[in-house]
Amino acid sequence: MECISVFDMLKIGVGPSSSHTLGPWRAAERWIKELKSQDQFDNVEKIIINLYGSLSLTGKGHATDFAVMLGLYGSDPETIPTESIHNIINTIKEEQIIQFDGRRSLVFNPETDIIFNKKFLPFHANALTFTALINGKPHVSTFYSIGGGFVIKEERTNDKINKALKGTFPYPIDKGTELLAYCEELQKPISEVVLENEKSIRSEDHINEELKRIWDTMLNCMYTGCHTEGNLPGGLNVRRRAHDIYQTLKGEDAYTNIYDWLSSIRNTEVKFRQILKWVSCFALSVNEVNASLGRVVTAPTNGSAGVIPAVLMYYLVIENHDANFEEIKRFLLVAGEIGSIFKKGATISAAMGGCQAEIGVSSAMAAGALCELHGGSPEQVLIAAEIAMEHHLGLTCDPIGGLVQIPCIERNAMGAIKAINASELALDTDPSNVKVPLDDVVNTMWETAKDMNTKYKETSEGGLAVRVNMADC
């Protein structure tokens, strides 16, 4: 049984896409390590990259070519100053030289050395190959970006695709029924069962430190989005709306740091309609930062990065002003575990399952996590996750221009609102009367993903992507 950590499901990176940006970036880093382990790094004479399938069809809009270059350059998505990205890319393009891992100068022309192939490789829709010329001979290595920033090499059957991550947890979980069994056996809520698993591979101090870092990144992302105006890059001329919504809700108060900002929002009196606007504002703010190659938390993907912080922020500023890090910790632990169940049983890749695999999963994660904070039983937590996903089944991925903007940004707001609603419905549900358990909706989601037409799986070849002309935007 595979073991996926919360920190595999929630990881810090750069937008706009976990599968098309973060994954290829990590693949380039892994390829460099592979070359070094084979004592071939210093012998590389030239580099050629081939992008296949969805990585090719929407790669330009998702900055896949940027990600590959930044990975080859030796930059890390968690630490790179995001304001330096365009300077690095422009320098490579102008000089047609890349500093390979920051150590070696190689001739590199992105226009000819990054090749976009529309054909799909048989194993996964997101494939890329790195070719190194060594002593005049090509050495090829193929990677697959399987969603959420996860990257693998070996071919596996789809239902075992995640076996790249192996480990030993004291309470291994693949399904919701197994999670509930451990909760019953240990008489613990879901968050504590997940914590026990995490403590088997790292100290609790380290867990707390990393969860705080994740939340701080989410909080900074929301703050940045609420305080940045103008149009998003990419050619669609999409106006940032989080700033405008925030201004109508709060205006510019006097605060000296991000935590004062959080406190100022908590002290704002709100009505129902304003609650909807606040949640939407938080979700939009994150994904506008994501669309601008900003730093976000993949949760479980970049395209769906706004749902979980928006719902958690809702709880902190609307529902419980006395909440502190313990509530944040519990929320993220539960969300991560629910996400891992979907990843193991279905997919979190839009290129494999459409947007149900991104917004649907993130909404389910947030719904379950919120339900626990509201005192829901483990059974009700999984009911909340099931309800949220049930009403995202079949959601297509049809980004206009291959950009993670329309309809992606608004879908985060919708996913967050649905998560809150799902949590409330679950809290009023008697678990003995449940007709559709979580495991059934996970299986249904995977069956739906397999039945879905390929053009609705992050190819920009169907839906809104072909109904809307970018030239008219």
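Just a few scattered comments:
- Test: residue in segment 138-149 that is exposed (fewer than 12 other Cβ atoms within 10 Å of the Cβ), modelled with pLDDT of 90 or more and not aliphatic (A, V, I, L, M): yes
- Unmet requirement for A351, which otherwise passes all of (1) modelled with pLDDT of 95 or more; (2) within 17 Å of the chain's Cα centre (by Cα): (1)
- Residues located in segment 434-465, provided they are of a type in the set (S, T, N, Q) and on the phi < 0 side of the Ramachandran plot: N443, T444, T448, N453, T454, T459
- Summed over segment 248-264, residues that are assigned to a helix (DSSP H, G or I) and in contact with an Asp or Glu (Cβ under 9 Å, 6 or more places away or on another chain) total 4.
- Applying the criterion of being of a type in the set (D, E) and either part of a helix (DSSP H, G or I) or under 20 Å from N320 (Cβ atoms) (or both) to the residues of segment 371-400, the residue that is farthest from the chain's Cα centre (by Cα) is E379.
- Residue, farthest from M389 (Cα to Cα), within segment 161-188, restricted to residues that are among the small types (G, A, S) and modelled with pLDDT of 95 or more: A181
- Counting only residues that are more than 25 Å from R295 (Cβ to Cβ) and either among the acidic types (D, E) or free of Cβ contacts under 8 Å to residues at least 24 places away in the same chain (or both), segment 194-217 holds 4 of them.
- Residue within segment 84-98 that is in contact with a Gly (Cβ under 6 Å, 6 or more places away or on another chain) and modelled with pLDDT of 95 or more present: no
So that you can scan it fast, the table gives a plain yes or no per residue for (1) under 21 Å from M414 (Cα atoms); (2) basic (K, R); (3) without any contact (Cβ under 8 Å) to a residue 40 or more places away in the chain; (4) in the same structural domain as L316 (by TED's automatic domain parsing):
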{"position": "N220", "(1), (2), (3), (4)": "no, no, no, yes"}
{"position": "N237", "(1), (2), (3), (4)": "no, no, no, yes"}
{"position": "A242", "(1), (2), (3), (4)": "yes, no, no, yes"}
{"position": "T256", "(1), (2), (3), (4)": "no, no, yes, yes"}
{"position": "I265", "(1), (2), (3), (4)": "no, no, no, yes"}
{"position": "S280", "(1), (2), (3), (4)": "yes, no, no, yes"}
{"position": "A283", "(1), (2), (3), (4)": "yes, no, no, yes"}
{"position": "V289", "(1), (2), (3), (4)": "yes, no, no, yes"}
{"position": "S292", "(1), (2), (3), (4)": "yes, no, no, yes"}
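- Qualifying helices (runs of 4 or more DSSP H) (wholly inside segment 1-104; at least 3 residues being without any contact (Cβ under 8 Å) to a residue 24 or more places away in the chain and of a type outside the set (F, W, Y)): 23-37, 85-95
- Only a single item in (1) under 17 Å from T429 (Cβ atoms); (2) buried (at least 24 other Cβ atoms within 10 Å of the Cβ); (3) in contact with a Ser or Thr (Cβ under 9 Å, 6 or more places away or on another chain) is not met by Q380, and it is number (2).
- For segment 374-425, the set of residues classified as touching a Cys at 6+ places or on another chain (Cβ under 6 Å), of a type in the set (G, A, S) and over 14 Å from V361 (Cβ atoms) consists of S423 only.
- Scanning segment 182-235 for residues that are within 22 Å of the chain's Cα centre (by Cα) and assigned to a loop (DSSP other than H, G, I, E, B) yields T228, L232, P233, G234.
- Unmet criterion (only one of (1) under 22 Å from the mean Cα position of the chain (by Cα); (2) hydrophobic (A, V, I, L, M, F, W, C); (3) surrounded by fewer than 17 Cβ atoms within 10 Å (Cβ to Cβ)) for V436: (1)
- Residues in segment 1-46 that are farther than 24 Å from K344 by Cα and touching a Phe, Trp or Tyr at 6+ places or on another chain (Cβ under 6 Å): W31, L35.
- For segment 331-367, a tally of residues being over 16 Å from N197 (Cβ atoms) and either of a type in the set (D, E) or part of a helix (DSSP H, G or I) (or both) returns 20.
The values are calculated or read from the model by the stated rules, or taken from the named source; none is laboratory data. Since we're looking at a predicted model, the values are computed, not measured. No Cβ is skipped: glycine too gets one built from the backbone with ideal geometry, and neighbour counts run over all protein chains shown.
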